[in-house]
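What follows draws every value from the coordinates through simple rules; no lab data is involved. Values in this document were obtained by computation on a predicted structure and should not be read as measured data. Cβ coordinates were reconstructed from backbone atoms using ideal geometry, including for glycine residues, and neighbour counts include every protein chain displayed.
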Amino acid sequence: MSKERVLITVKTYPTLSRKYGETVCTAGVREDGSWVRIYPVPFRRLDEEEQYTKYDWLECRLVRNSADPRPETFRPVDEKELRRVDHVDTNDGWRERRRILLKTARVYDRLDDLISGAKANEVSLAVFKPTRILDFIWESEEREWDPDKVRQMREATKQYDLFADNTWRETFKVIDKLPYSFSYKFEDADGRQSTLQVLDWEAGALYWNCLRSAEGDEPTALAKVRQKYFDAFLKTDLHFFLGTTQQFHFIAPNPWVIIGVFPVPHEKQRGLF
């Protein structure tokens, strides 16, 4: 089995899984623009040299994750094989990122196409261009993880694997749960208005950083998150990376969420002469 090369564009905020413990949804595109979801990845348990950032090219052997029916979902044959081999920077107005994600990968602008594609199990990851951003909002959430899920996860981590390095089990701490969920309100090319939750890890990390700089003042921290995701990003050619959730992939009226944002600078118009 040969290794695949995937440009990582998505890392969602960690969630808790009874089966896999703390996991991160990682996704990206191959060189031909086709999407790959790599799940599960216990990202924070990877060694420092194994961890990767968005827009890193990863190489690893992948096999279909039979526990997930969505067509783009794969799992690493061996997590230790995940290797960063290159990085796509923002040089020349994000030229290479733009080429891969906006010219090679398909860009959708109508949610109905994605909803019908999900129900037919043809697509569960996509680049999406909103026609108009209406708002960026937040809602209060439970401030602690489900204690039953945490307990089950803790019990699972006590089951040592005789064939793996178990050092992480002694010191690993579950990541703090976000007390707010963030969402964009927007219109698509048909004028359809939608509100989709933002699960991007960077949004959660920004909230915690802003909360620390605001010395615990939550309204100030939330205003700073909005300042970036609404005020600043609306000055760019904003695109979304969308994904469906496994639980609602087939059954929800709209199973899509925003798993990443792509605030690419507006392309400069070249003069005729």
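Take the residue pairs Lys11/Lys268; Lys177/Lys228; Lys103/Lys129; Lys3/Lys80 and return only those whose Cα atoms are more than 23 Å apart. Mind showing how you got there, number by number?
Numbers: Lys11/Lys268 29 Å; Lys177/Lys228 21 Å; Lys103/Lys129 13 Å; Lys3/Lys80 13 Å.
As for pairs spanning more than 23 Å Cα to Cα, those are Lys11/Lys268.
Place a point 7 Å from Cα of Glu267 in the direction of its Cβ. Which residues in region 75-106 have their backbone N less than 14 Å from it?
In region 75-106, the label zone of Glu267 (backbone N under 14 Å from the point 7 Å along Cα→Cβ) covers 93-106.
If R0 is 51 Å, what FRET efficiency do you get for Asp89 and Ile251 from their C-beta distance, rounded to 0.05? Before the final figure, lay out each step's value.
Details: r = 40 Å, r/R0 = 0.79.
The value I calculate is 0.80.
With each label point set 7 Å from Cα along the Cα-Cβ vector, what nm distance links Arg61 and Glu139?
Taking the simple label geometry, Arg61 and Glu139 are separated by 4.4 nm.
Amide H to amide H, which residues 5 or more places from Val264 or on other chains are under 5 Å from it, using H placed in the peptide plane?
Asp237, His239
For Arg110 paired with Arg30, estimate the spin-label separation in nm (one decimal), with each label point 7 Å from Cα along the Cα-to-Cβ line.
2.7
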